[in-house]
Amino acid sequence: MADEQQNPNQEEQQEKINQLVTDYKTTFGTENGQRVLIDLQNRCHLFSTTNVKGDAHESAFNEGQRAAILFITQMMNRNI
């Protein structure tokens with residue numbers, strides 16, 4: 001019985017995730033979106049180090065920015 005209750009909920013969650021992936025692809029899949037994505041990749045340290053020698057707080061801040069752009073990139077590359 002518990003499995004029957006979880007399955008519709010899991011299906012609903014998967015549908016929401018799939019819609020979100022579609023939304024990311026729609027948003028960043030346009031020519032304008034691609035320009036914004038490239039700008040974010042550069043600003044958020046996707047292709048460069050996040051370490052700031054002697055400043056752990058700045059390094060952590062930079063890594064947080066990088067994590068955000070990595071998430072967007074993962075959403076763009078996800079298959080639904």
Problem - Inter-residue pairs, beta-carbon under 9 Å, first closer than 14 Å to Phe28 by Cα and basic (Lys, Arg) and in segment 53-80, second outside any loop (DSSP other than H, G, I, E, B) and open to solvent by less than 80 Å² (accessible area, probe 1.4 Å), 6+ apart - result: Arg78/Ile17; Arg78/Val21; Arg78/Tyr24; Arg78/Lys25
Handout entry: Tally of residues being surrounded by fewer than 12 Cβ atoms within 10 Å (Cβ to Cβ) and in a helix (DSSP H, G or I) across segment 48-59
Key = 2
Completion exercise
Sole miss for His45 among (1) free of Cβ contacts under 8 Å to residues at least 60 places away in the same chain; (2) out of contact with any Ser or Thr (no Cβ under 9 Å at 6 or more places or on another chain); (3) in a helix (DSSP H, G or I) is condition (3)
Exercise for the section: Assess whether Asn79 counts as being farther than 25 Å from Gln14 by Cα and out of contact with any strand residue (DSSP E or B) (no Cβ under 8 Å at 6 or more places or on another chain). Expected result: no
Exercise for the section: Would you be able to say whether some residue in segment 25-41 is open to solvent by 50 Å² or more (accessible area, probe 1.4 Å), out of contact with any Pro (no Cβ under 7 Å at 6 or more places or on another chain) and not in a helix (DSSP H, G or I)? Expected result: yes
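The values are calculated or read from the model by the stated rules, or taken from the named source; none is laboratory data. Predicted, not measured: the structure shown is a model, and the values here were computed from it. No Cβ is skipped: glycine too gets one built from the backbone with ideal geometry, and neighbour counts run over all protein chains shown. Ligands, DNA and RNA are stripped out before the accessible areas are found, and what is left, the full protein with its side chains, is counted by its heavy atoms. Shrake-Rupley method; radii C 1.70, N 1.55, O 1.52, S 1.80 Å.
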